[in-house]
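Colleague: Below are the structure tokens for one structure; questions will follow.
Readers should treat all values here as calculations from the given coordinates under stated rules, not as data from a laboratory. From a predicted model like this one, the values you see are computed outputs, not experimental measurements. Note that we place each Cβ from the backbone using ideal geometry, even for glycine, and neighbour counts take in every protein chain shown.
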Amino acid sequence: MTLQVELVSPEGILFEGEADMVIARTVGGGDIAFLTGHVPFVGSLATGVVKILQADNRSQLIAAHRGFVSVANDRVSILSDVAELSGSIDVARAESAKARAEEQLRARNDDDEARAALRRAEVRLQVARG
């Protein structure tokens, strides 16, 4: 038995299909893995990598920047504010954003916006590089 997974962002459906497991990062709870038979769950997504492990041993990595995850009856629904598949990430742009955020944090280490920008860039690079 597999999970039915749907990951949606304002741009549209980024993933729809079956999976053996889904791993996502939640706010305040760290990473959580969902398998068939998981108890109902609703949580807020943090900026992080969503990993979808498919039945054929392939995995899909998605950079998700906040949103919600809901699990019930072997269905995982992820609604993300912004989400990017590995193939759609501009690595040079992400590296540039990372460097800008690091520079801002060196100038002022309590800059929460720069810290969030750094996290987004790091997640994009992690997903793009597999």
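Colleague: Starting from segment 51-67, keep only residues that are within 19 Å of ASP81 (Cβ to Cβ) and free of Cβ contacts under 8 Å to residues at least 60 places away in the same chain, then list their pairs with residues that are charged (D, E, K, R) and outside any strand (DSSP E or B) whose Cβ atoms are within a distance under 6 Å, requiring at least 6 positions of separation or different chains.
Modeller: HIS65/ARG120
Colleague: Go through (1) within 17 Å of the chain's Cα centre (by Cα); (2) loosely packed, with under 14 Cβ neighbours inside 10 Å; (3) within 19 Å of GLU16 (Cβ to Cβ) and name the single condition ASN73 misses.
Modeller: (1)
Colleague: Another question, if that's okay. Out of LEU118, LEU79, report the one residue that is surrounded by 14 or more Cβ atoms within 10 Å (Cβ to Cβ), assigned to a helix (DSSP H, G or I) and either under 12 Å from the mean Cα position of the chain (by Cα) or not small (Gly, Ala, Ser) (or both).
Modeller: Unique residue meeting the criteria: LEU118.
Colleague: Residues of segment 63-76 being assigned to a strand (DSSP E or B), over 12 Å from LEU14 (Cα atoms) and out of contact with any helix residue (DSSP H, G or I) (no Cβ under 6 Å at 6 or more places or on another chain), which ones?
Modeller: The answer is ARG66, GLY67, PHE68, VAL69, SER70, VAL71, ALA72, ARG75, VAL76.
Colleague: Need pairs with beta-carbon distance below 9 Å; first residue closer than 12 Å to ALA128 by Cβ and within segment 89-101, second exposed (fewer than 12 other Cβ atoms within 10 Å of the Cβ); sequence gap 6+ or separate chains.
Modeller: Sorted first by the residue in segment 89-101, then by its partner, the pairs are VAL91/ARG129.
Colleague: Next question, about the same structure. Just to be sure before I move on: is LEU35 in contact (Cβ under 8 Å) with a residue 60 or more places away in the chain and either among the aliphatic types (A, V, I, L, M) or out of contact with any Asp or Glu (no Cβ under 9 Å at 6 or more places or on another chain) (or both) in the structure I sent?
Modeller: Judged against the criteria, LEU35 is not a match.
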